[in-house]
Amino acid sequence: MLTRRQFGAGLALAGVAAPHVARAQAPIRLRLAHAAAEVHPGHIAALRFKEALEKLAPGRFNLQLFPNRQLGEDKANVEAAIAGTIDLCGASGVLFPLVTGRPALDAPQLPFIIKDYDHFTKLSLGAAGQALLSDLSDAGLVGLQLTDIGTRNFLSVGKPVKKIADFAGLKTRIVPVPLHKAIWETVGTAPIGLPYGEVYGALQTKVIDAVEINVSSMLGENLWEVGKFMTLTGHYPWHNVIAMNKAKFDSLPKDLQEAIRQAGRDSTAPTLQYTKDQDLNAREDLKKKGVQFFDLEDLAEMKKKMAPLVEQYAKKSPLIDAYVKAAQA
């Protein structure tokens, strides 16, 4: 029979070993917030990242997703990830230069340098794309995934845009960042900065005449109910970034850090495939909902107008210059 002393000694020994086992097996709780609806590629990007992480490190993480603006708009989520009040964010790539002051992630939205979704995938997983993510380190973030959540086109309410001249004076919603302002002033619109969640109401009440948008956002926000004229300009991708608070990342064991990084890479191509399929297939659905599609008749002229902007932004950062050269190679 065990004496009380022997029983206590056994517990003490168990107390040495058991917590070590428990720590190794207890899942680490992480929270990832983004603003996209569940059908949107921005949410699929988060899902694919979670699936890849579970495959690479089974049972090691409990990654909770907060989609659909549950914890805020893109800008708020990026700021929260930097502050560490959430662990990870998924947000439009153009918001990262705005919040961090680091311009490198403007590169994917330089107009007309990216040909299609397959081209974007190759760039994202290549050295130039990964360097854009690495640049976030000095802002307190670890960049993990760079995807395209939908090539942008031009949606108008009152009349279709068929030529560059038709852009003139249209009150067009943009994300209020210098690059977008410069692009849409160059083609003649009157750009207006508005939060993403206000676009539907602004189109409906004619506060704005148009928005540069992708098919996935038209579906996610039901913009097809108020905008019926879509001009297929394909001017730039809408890049999306998943990033993690650097202090939280650095606190993890090296093997789990590498699993997180690899999950970002592994989830890139599947997300882009979803985006590509949704973009092409959903156009037929939108046509059935009454949306009319048009080609811009003088698209070559629009590309010509954009070329000086690409050169100007390439001079802002060696990383942007390297990305542009990789895209054009």
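Numbers at a glance
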quantity: Filtered residues of region 68-81 (kept if buried (at least 20 other Cβ atoms within 10 Å of the Cβ) and at pLDDT 95 or above); calculated: N77, V78, A81
quantity: Of residues in region 68-105 being charged (D, E, K, R) and in contact with a His (Cβ under 9 Å, 6 or more places away or on another chain), the one nearest to V310 (Cα to Cα); calculated: D74
quantity: Subset of region 20-47 (residues that are closer than 18 Å to G143 by Cα, assigned to a helix (DSSP H, G or I) and of a type in the set (A, V, I, L, M, F, W, C)); calculated: I44, A45, A46, L47
quantity: Any chance F249 is farther than 22 Å from E73 by Cβ, in contact (Cβ under 8 Å) with a residue 40 or more places away in the chain and assigned by TED's automatic domain parsing to the domain that holds G201; calculated: no
quantity: Unmet criterion (only one of (1) touching a Phe, Trp or Tyr at 6+ places or on another chain (Cβ under 6 Å); (2) closer than 19 Å to R261 by Cα) for C89; calculated: (1)
quantity: Residue that is more than 30 Å from A326 (Cα to Cα), within 21 Å of the chain's Cα centre (by Cα) and either buried (at least 22 other Cβ atoms within 10 Å of the Cβ) or aliphatic (A, V, I, L, M) (or both), where the choices are L194, L132; calculated: L194
quantity: Scan of region 197-218 for residues that are buried (at least 20 other Cβ atoms within 10 Å of the Cβ) and not small (G, A, S), ordered by number; calculated: V199, L203, I208, D209, V211, E212, I213, N214, V215, M218
quantity: Count - residues of region 292-326 that are part of a helix (DSSP H, G or I) and closer than 21 Å to L232 by Cα; calculated: 11
quantity: Contacts under 9 angstrom Cβ, first residue in region 159-182 being assigned by TED's automatic domain parsing to the domain that holds Q312 and free of Cβ contacts under 8 Å to residues at least 24 places away in the same chain, partner assigned to a helix (DSSP H, G or I) and surrounded by 21 or more Cβ atoms within 10 Å (Cβ to Cβ), 6 or more apart; calculated: F167/W184; P178/P97; P178/D106
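Condition check ((1) modelled with pLDDT under 95; (2) surrounded by fewer than 21 Cβ atoms within 10 Å (Cβ to Cβ); (3) in a loop (DSSP other than H, G, I, E, B)) across all residues:
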residue: L256; (1), (2), (3): no, yes, no
residue: Q262; (1), (2), (3): no, yes, no
residue: D285; (1), (2), (3): yes, yes, no
residue: G290; (1), (2), (3): no, yes, yes
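The values are calculated or read from the model by the stated rules, or taken from the named source; none is laboratory data. Keep in mind that what you see is a predicted model, and the values were worked out from it rather than measured. Using ideal geometry, Cβ is built from the backbone for each residue, glycine included, and neighbour counts are taken over all protein chains shown.
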